[in-house]
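Worksheet: the structure to be examined is printed underneath.
A short reminder: the numbers here are calculations on the coordinates, not readings from a lab. The structure presented is a predicted model; accordingly, all values stated were derived computationally and were not measured. So basically every Cβ, Gly included, is an ideal-geometry build from the backbone, and we count neighbours across all protein chains shown.
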Amino acid sequence: MVAGIGGNQYIQSWRSRQTGNGHPLVFPGGPATPGNYRRFAAAFHEAEIKYAAKAHTGAAVLSTLLDIGVDIECAAAGELGRAIRAGSDPNALQYTAVNPPGADLDYAVELAADNPGLTITAGARDTFDRLAARGYDGRVAIRINPGIGTGHHEKVATGKDAKFGIPYEDVPGVAESVRSRFDLVGIHAHVGSGVLQADLADHCRALGVVAEMARTVGDLEFVDFGGGFGVPYREDEQPLDMAAVGEKVWSAVQPLDARVVLEPGRYIVADAGCLLTEVNTVKEAPSTTVVGVDASLATMIRPAMFDAYHPIRNVSAPRREARSVSVGGPCCTSADVFCTDRPLAAPQRGDLLAIGNVGAYGYELASNFHSMPRPAEVALDGSETRVARRRETFEDLVRLEVE
Ligand SMILES: *Cc1c(COP(=O)(O)O)cnc(C)c1O
C-alpha cells in the first residue's frame, strides 16, 4: 500500500509476491493527505483538528501530518508508540481507551508520568477505576454515548452502540466522581463513520446532544466530537461540501464555553491511497467473467467486512472495451470479491488493476489469512516515490513461532 504524502497522493501497491515492489500509481489530479487536511481544517477554522491514527498508522502518513502541525488521536498503546516514533510530542497526544487491555493502560499511565499534557479518554467506570488503581490522577475526558449513531454501516455506528461511552443519563454522576479523582478536561464522543450529505442532519443532531451534555457538565477545556466525516466511494456519490458541513456542525454544537476538537481519520487519508493488484486469471463462467487477482480480503477486507464499494480501474489498458466482470482474490471464501458484475476495461492476464480509496482502513485491516504476506507500501511525494514499508516475506510470517 502506499502513502500520498506531499503534493500528490497516497498510494498502496501490491503485486505478486515474487515480483519487486510493484508499480506505484498516481491518478492525475487526485487528492493528497495534506490537501485533505487543509480542506477540513479550513471548514472548521475555529476547531482543533486531530488525526485519528487508526485510519492509517504508517509513519509516512503520521510524520507528514505532524510536519504540518496536526496532533494525533490514538485508540491503542501501539498507536501512541507509533505516533511518538513518527515525532509526536507525547504531551500533545490523546488516548481514547475502549475496553483497554491492562498493558495499554500501563503504557499510557507511564507515558503520562513524564508527559502531563497527555489526555486519556475513557467510556466506562471500570476504566477510570483502573486508571486510579495505577495511581493516575492526570488529564481525562469522559466519552459519552449519546444514544444516536450515524454512518455508512451498522458496524461503524458507534454512537448508539452500548460498547462505546458512558450511558447518557449517567454522565453527570460519573463526571462528579471523575472530577474528584482526576483532572477532568473534556467530553468526548465519536458517533459514526462514513457520514455523507444524507446522514449529515442526523450526525449534527447527535453532536448537538453531545454539546448539550457538555453544557450540563460544564467547566471543560474541550469538547471532542470525534470523526466520522465520509468520502464518496461510488462514482455517483458527491463529496461533502466541507464549508457547508463546517457551518452546520458549528451551529449544531454552539454555544460552548470550551474548545471544539474534531478527530477525522477517513476523511484525511481514504482517497489518497490505492491498491495495485495483478490479474492472474480470466475465466468465462455462465453467469459472469471471473477475474482473479493476487490481492485478497487479507489485503483489503472492506468489501467483505462492510459491503464496501471501491472503484476499480484497469490501469494497464484503460481504453480497452468494457466488459462486465467479477473480481476476486485467492482466498478460499466467496467473501473474497472486490466487485461483482461490474463493467471494467476488459482485463487480461498480467494487467494491473487499481482499487481506489483504500487509504483509510485498508492496510490497517490487512491480515496474514492464508499465510499471505502483506504488501509493500509506497509513498508518493510529488513525483518522488519511496518504499515506505517493505513487502512481508515468508520469514516474516513464521518469525514469532516457537519451536
Ligand atoms: C475511528 C475513530 C475516529 C475516526 O473516525 P473516521 O470515521 O475515520 O473519521 C475518531 N475518533 C475515535 C475515537 C475513533 O475511534
Notebook entry, point to check: For labels at Ala92 and Leu256 in the simple 7 Å Cα→Cβ model, what's the distance in nm?
Noted result: 2.0
Next item on the list: Report the full-extension gain for the segment Asp106 to Arg179: residue separation times 0.36 nm, less the Cα-Cα distance, to one decimal in nm.
Entry: 24.2 nm
Note to self: Please list, in order along segment 250-255, the HN-Hα scalar couplings obtained from phi with the Karplus expression 6.51 cos²θ - 1.76 cosθ + 1.60 (θ = phi - 60°), rounded to whole Hz, x for Gly and Pro.
What the structure shows: 4, 6, 6, 9, 7, x
Next item on the list: Tell me the label-point distance for the pair Glu321, Lys248, using the 7 Å Cα-to-Cβ offset, in nm and rounded to one decimal.
Entry: 4.4
Next item on the list: Let me have the relative contact order for the chain, percent, based on Cα pairs under 8 Å that are six or more residues apart.
Entry: 21
Next item on the list: Could you give the C-alpha radius of gyration of the chain expressed as a fraction of 2.2 N^0.38 Å, taking N as the number of residues it contains?
Entry: 1.02
Check: Considering lysine pairs in the chain that are 8 or more places apart or on different chains, how many have Cα atoms under 25 Å apart?
Finding: 9
Next item on the list: Would you compute, for the Cα atoms of segment 32-267, the largest minus smallest coordinate along each principal axis and list the three values in descending order, in whole Å?
Entry: 52, 40, 31
Checklist line | Residue-averaged [θ]222 nm for the chain, counting only DSSP H segments that reach four residues, each worth -39500 (n - 2.57) | finding: -8000 deg cm²/dmol
Next item on the list: Could you list which residues have their amide H under 5 Å from that of Ala52, counting only those 5 or more apart in sequence or on another chain, with H placed in the peptide plane?
Entry: Glu73, Gly265
Item checked: Added length on full extension, which subtracts the Cα-Cα distance from 0.36 nm per residue, Glu212 to Glu284 -> 20.1 nm
Checklist line | Note, ³J(HN,Hα) from phi for segment 82-95, Karplus 6.51, -1.76, 1.60, rounded to Hz, x at Gly and Pro | finding: 5, 5, 5, 4, 7, x, 6, 6, x, 5, 9, 8, 10, 10
Notebook entry, point to check: Taking amide H positions as placed 1.01 Å from N in the peptide plane, with prolines and chain starts having none, which residues 5 or more places from Thr281, or on another chain, fall under 5 Å of its amide H?
Noted result: Gly292
Check: Whose amide H sits under 5 Å from the amide H of Cys339, counting only residues 5 or more places off or on another chain, with H placed in the peptide plane?
Finding: Val327
Notebook entry, point to check: By how many nm would the segment from Leu400 to Arg38 lengthen if fully extended, with 0.36 nm per residue of separation less the alpha-carbon distance?
Noted result: 126.2 nm
Notebook entry, point to check: ³J(HN,Hα) across segment 290-295 via Karplus (A = 6.51, B = -1.76, C = 1.60, θ = phi - 60°), whole Hz, x for Gly/Pro?
Noted result: 8, 10, x, 10, 8, 7
Check: Roughly speaking, what is the centre-to-centre gap between segment 237-289 and segment 163-195 when only Cα atoms are used, to the nearest Å?
Finding: 26
Margin query: Taking 8 Å as the Cα distance limit and 6 or more residues as the minimum spacing, I'd like the relative contact order of segment 32-267 as a percentage.
Written below: 20
